[in-house]
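Just below is one structure, and these are the notes that go with it.
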């Protein structure tokens with residue numbers, strides 16, 4: 001009913017209080033009279049609801065301000081698990097499916113040459129994908145706040161397994177002792193240590209959030225956990241892992257509120273570590289930098305892999321040579337199903353297919369950050385940010401290596417590169433993200449209610465009905 005300025009003094013004002021289930025488990029109306037909403041007027045005279053102003057104001061805030069408003073711990077009596085984020089889950093399924101197809105195509109020649117069976121590598125990859133999906137489903141129901149309570153045990157366990165790999169003989173032929181071998185099965189525990197460090201950093205950030213701008217809480221306390229992990233992994237000759245975790249941990253600290261120059265301290269420390277390792281005999285670091293600067297200087301030896309990768313990318317053209325029709329995968333690119341699988345993607349699917357896959361990763365990262373922004377507490381938010389940064393940075397670095405935009409490293413492409421332990425741990429981490437999404441605040445609905453309301457956020461507020469005496 002429109003508001004009539006000429007109503008007499010006998011007009012009565014009734015309050016229609018909607019409790020939305022807080023008092024009696026459902027919505028109750030005190031009066032059955034039709035209600036009239038009183039618009040809020042801005043200084044310019046335009047009508048605008050307070051909820052829309054709040055939504056616009058929140059959207060203008062940065063990620064740091066969003067996280068700062070979250071509580072340090074999850075209040076379980078106020079936040080109950082709901083449904084997981086279906087759109088994020090759908091993106092993961094799409095990436096896994098495309099990845100399996102490309103592993104089958106890229107690994108066929110290598111499988112046929114090594115095992116006389118063109119399906120041996122993809123069969124093993126499918127097995128680990130199935131195990132990873134089971135782990136993802138189980139962990140999506142494990143409350144994520146348990147990791148915050150047990151973050152020290154998680155860190156010590158992951159670091160201990162990574163150190164245990166040093167006791168096993170090298171099975172790569174390059175002096176890298178990174179794998180635990182049990183009954184013919186190999187497992188790379190450094191993949192698990194990534195998750196252990198992310199959990200630890202997320203817990204420390206939630207614990208010391210108000211002191212992140214200080215040296216002790218903003219940088220020094222993180223180093224107590226970072227340096228032992230870097231030391232163990234350096235002994236495994238896994239420098240790409242160190243570079244990846246410097247970016248991930250630095251990104252988490254910056255988003256959490258650490259001062260920029262605290263975060264930049266990680267760069268000289270990493271460079272100093274590279275110099276020390278070079279002096280101790282890790283001479284492959286300098287040779288890889290030389291190969292990156294001049295990839296055609298030694299094609300028969302040091303730069304063979306990157307040159308063949310560039311040939312594959314150039315051969316793909318705009319639309320590619322067709323799925324399964326790559327020639328570079330026929331023993332020109334060494335192990336094309338692993339670190340250089342994106343080169344085969346570019347050759348078979350062309351520039352259009354490569355851009356489509358990159359856009360899928362962009363959507364994946366955006367969807368993950370959306371979950372982080374809607375997480376109910378700081379730990380859940382930073383945990384998701386760390387995991388999504390791991391996937392996003394790893395994909396970015398892999399594509400940069402394949403296109404010779406940076407020196408060659410042993411960084412795989414998530415969801416695509418064949419690798420049992422990496423696939424299993426990655427899908428398990430996706431399960432953790434899905435569990436956080438179960439506790440997230442629902443997105444604001446723009447659907448109008450039957451009475452002309454503009455959304456649910458105003459249902460719990462008292463509403464004023466102005467009823468003329470003629471209607472009584």
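Worth pointing out:
- Whether segment 85-224 is rounded, prolate or oblate, judged on the alpha carbon gyration tensor where a/c under 1.5 counts as rounded: oblate
- For segment 321-418, the share of alpha carbon pairs falling in successive 5 Å distance bins from zero is 2, 13, 20, 21, 16, 11, 8, 5, 3, 1, 0 percent.
- Residue order, fewest to most surrounding Cβ atoms within 10 angstrom, among 114, 390, 347: 114, 390, 347
- log₁₀ of I(q)/I(0) at q = 0.10, 0.17, 0.19, 0.21 Å⁻¹ - segment 261-389, Debye sum with one point per alpha carbon: -0.55, -1.01, -1.03, -1.06
- For segment 216-262, the spread of Cα positions along each principal axis, largest first, Å: 32, 18, 14
- Alpha-carbon centroid distance for the pair segment 185-220 / segment 223-277, whole angstrom: 11 Å
- Directionally averaged shadow of segment 156-218, computed from the convex hull of its alpha-carbon atoms, nm²: 5.7 nm²
- 152, 178, 288 arranged by Cβ crowding within 10 Å, fewest neighbours leading: 152, 288, 178
- Residue exposure sequence - 298, 339, 116 - by fewest surrounding Cβ within 10 Å: 116, 298, 339
- Compactness index (Cα Rg / 2.2 N^0.38 Å), segment 84-438: 0.98
- Radius of gyration and Dmax over the Cα atoms of segment 148-261, both given in Å: 15.3, 49
No value in this document is a laboratory result; all are computed from the given coordinates. All values reported here derive from a predicted model rather than from experimental measurement. Backbone-built Cβ (ideal geometry, glycine too); neighbour counts: all protein chains shown.
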